[in-house]
Amino acid sequence: MSTAILSLRDLTVDFGGVRAVNQVTLDIQPGELVGLIGPNGAGKTTVFNLITNSIQATSGDILFQGKSIRNKMPDAICRMGISRTFQNIRLFPQMSVYENVELALHNAPRYSILEAFVRTPRASRIEKETRQRAFELLEMVSLKDYVHEKAANLPYGLQRRLEMARAMAANPSLLLLDEPAAGMNEDECNDLIKLIRQIHTQMGYAIIMIEHHMNVVMDLCAGSRIYVLNLGSILAVGSPAEIQSNPDVIKAYLGERRNVR
């Protein structure tokens with residue numbers, strides 16, 4: 001097996017007297033699509049926040065491409081190749097769809113302020129490449145017809161797609177999706193499954209996906225594996241079929257089998 005793109009080693013975080021994440025260890029291989037599920041309050045989003053260092057771990061380590069990133073700043077982690085979406089959508093609502101993606105494409109300056117001011121050939125070339133890339137990403141998520149629309153005016157499902165395009169604009173090798181199907185109906189979930197599968201196939205990202213819509217995570221993780229988190233600890237790891245029939249997982253979901261199907 002190839003070297004893991006992401007490794008968590010006994011990752012732990014305490015908030016006061018509460019242990020929110022307890023010695024979590026996992027490995028993600030390059031190009032994998034892995035699910036992270038669990039009941040509400042299990043610590044799933046906290047794990048994402050630890051990976052991106054928006055909160056700091058109490059102990060343990062986070063290795064990205066074999067190097068520790070535990071003490072890196074969030075912007076440095078993004079530039080290294082880890083990008084994410086959020087459980088609660090974080091767009092710039094008064095900016096256009098295009099501007100939201102364009103801004104993300106400028107996450108690392110590629111020319112100086114002086115070059116921008118005098119419009120050097122290099123700056124003009126980079127701006128042209130940026131526009132082209134923004135349109136490519138918007139076309140991938142079926143938003144090319146909305147480029148001039150304010151982000152706030154998009155329907156909820158399209159805002160989710162825009163957030164995914166913005167995350168991809170950072171050119172990641174690891175994409176963290178935090179409940180991308182939240183608030184969606186069955187038809188929207190089916191469309192999302194197709195979109196994430198397309199992104200995974202075309203872009204080759206490693207993807208970790210937190211999701212409560214079990215049909216989404218079970219479908220997308222077929223042929224891969226799912227981690228189940230409960231009370232901050234890894235409860236189970238396995239294929240979708242193994243997770244669906246695991247009695248400890250069923251118990252963690254209050255015995256409601258429909259929640260893990």
Please go through segment 195-213 and pick out each residue that is aliphatic (A, V, I, L, M), crowded, with 19+ Cβ neighbours inside 10 Å and either touching a Pro at 6+ places or on another chain (Cβ under 9 Å) or over 25 Å from GLY183 (Cα atoms) (or both). ILE196, ALA206, MET209, ILE210
Can you name every residue in segment 122-176 that is under 12 Å from the mean Cα position of the chain (by Cα) and among the β-branched types (Val, Ile, Thr)? none
Scan segment 214-222 and tell me whether some residue there is surrounded by fewer than 19 Cβ atoms within 10 Å (Cβ to Cβ) and touching a Gly at 6+ places or on another chain (Cβ under 9 Å). no
I'm trying to understand the selection: among the residues of segment 21-35, which are surrounded by fewer than 21 Cβ atoms within 10 Å (Cβ to Cβ) and more than 23 Å from ILE196 (Cβ to Cβ)? ASN22, GLN23, THR25
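With respect to PRO93, is the statement that it is out of contact with any helix residue (DSSP H, G or I) (no Cβ under 9 Å at 6 or more places or on another chain), within 30 Å of MET184 (Cα to Cα) and modelled with pLDDT of 90 or more true? Steps first, please.
Working: out of contact with any helix residue (DSSP H, G or I) (no Cβ under 9 Å at 6 or more places or on another chain): no; within 30 Å of MET184 (Cα to Cα): yes; modelled with pLDDT of 90 or more: yes.
Against the criterion (out of contact with any helix residue (DSSP H, G or I) (no Cβ under 9 Å at 6 or more places or on another chain), within 30 Å of MET184 (Cα to Cα) and modelled with pLDDT of 90 or more), PRO93 does not qualify.
Can you name the helices (runs of 4 or more DSSP H) wholly within segment 142-261 that have at least 3 residues being of a type in the set (D, E, K, R), assigned by TED's automatic domain parsing to the domain that holds ASP10 and at pLDDT below 95?
Numbers: elements: 156-168, 186-203, 214-220, 240-245, 247-252.
Once the helices (runs of 4 or more DSSP H) in segment 142-261 are filtered for at least 3 residues that are of a type in the set (D, E, K, R), assigned by TED's automatic domain parsing to the domain that holds ASP10 and at pLDDT below 95, what remains is 186-203.
Among the residues in segment 41-64, are any part of a helix (DSSP H, G or I), surrounded by 15 or more Cβ atoms within 10 Å (Cβ to Cβ) and charged (D, E, K, R)? Explain how you work it out, then say what you get.
From segment 41-64, those part of a helix (DSSP H, G or I) are 44-51; that's our starting set.
Checking which are surrounded by 15 or more Cβ atoms within 10 Å (Cβ to Cβ) leaves us with 44-51.
Imposing the further condition that a residue be charged (D, E, K, R) reduces the set to 44.
The answer is yes, given that some residue of segment 41-64 is part of a helix (DSSP H, G or I), surrounded by 15 or more Cβ atoms within 10 Å (Cβ to Cβ) and charged (D, E, K, R).
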ILE226 within 14 Å of the chain's Cα centre (by Cα), crowded, with 18+ Cβ neighbours inside 10 Å, of a type in the set (A, V, I, L, M, F, W, C) and closer than 30 Å to MET80 by Cβ: no
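The values are calculated or read from the model by the stated rules, or taken from the named source; none is laboratory data. Predicted, not measured: the structure shown is a model, and the values here were computed from it. When we count neighbours, we look across all protein chains shown, and the Cβ atoms used for this are built from the backbone with ideal geometry, even at glycine.
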